[in-house]
Amino acid sequence: MNMVRCLLAGRDVPKLFWLEAVKWATYVLNRSPTLSAKDITPEEAWSDKKPSVKHFRVFGCITYVHIPDVHRKKLDNKSIKCVHLDVSETFFDSMVVHSSHFFVIWFCARTRTC
């Protein structure tokens, strides 16, 4: 729980999103080397294949979510600033939260993350 506490405090994420921090911490720890499993990760010991980490993003990083043309007028912004809180192997099913209103956007077809 120390890792979760640090994630929430380090990125000024409200405690409301503690579950996403727990999922992120568990996901990362399962793909990190440990002393108990010699030269392999817990995920590799369980599934017999080396896990990929190239999709990792920083917990709480800023992301911009595209607003489709049908939902905006001529001079409206084409994207909204959000906070990325989910760990996923694709960007298309990531969970992001609007940075000022804290409403959750579950499906993001076009995101540009850090």
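The values are calculated or read from the model by the stated rules, or taken from the named source; none is laboratory data. Since this is a predicted model, take the numbers as computed values, not measurements. Note that we place each Cβ from the backbone using ideal geometry, even for glycine, and neighbour counts take in every protein chain shown.
Return the total of residues in segment 7-30 being under 15 Å from the mean Cα position of the chain (by Cα) and surrounded by 12 or more Cβ atoms within 10 Å (Cβ to Cβ).
So the count comes out to 16.
Please go through segment 1-40 and give me each residue that is in a helix (DSSP H, G or I), polar (S, T, N, Q) and at pLDDT below 85, ordered by number.
Residue satisfying the conditions is Asn30 alone.
Within the set of pairs 6 or more residues apart or between chains, which connect a residue that is on the phi > 0 side of the Ramachandran plot inside segment 1-27 to a residue that is not hydroxyl-bearing (Ser, Thr, Tyr) with Cβ atoms less than 8 Å apart?
The qualifying pairs are Asp12/Gly60.
Among Glu43, Glu89, which is the only one that is outside any loop (DSSP other than H, G, I, E, B), under 22 Å from Val4 (Cα atoms) and modelled with pLDDT under 80?
Going through Glu43, Glu89 in turn, just one is outside any loop (DSSP other than H, G, I, E, B), under 22 Å from Val4 (Cα atoms) and modelled with pLDDT under 80: Glu43.
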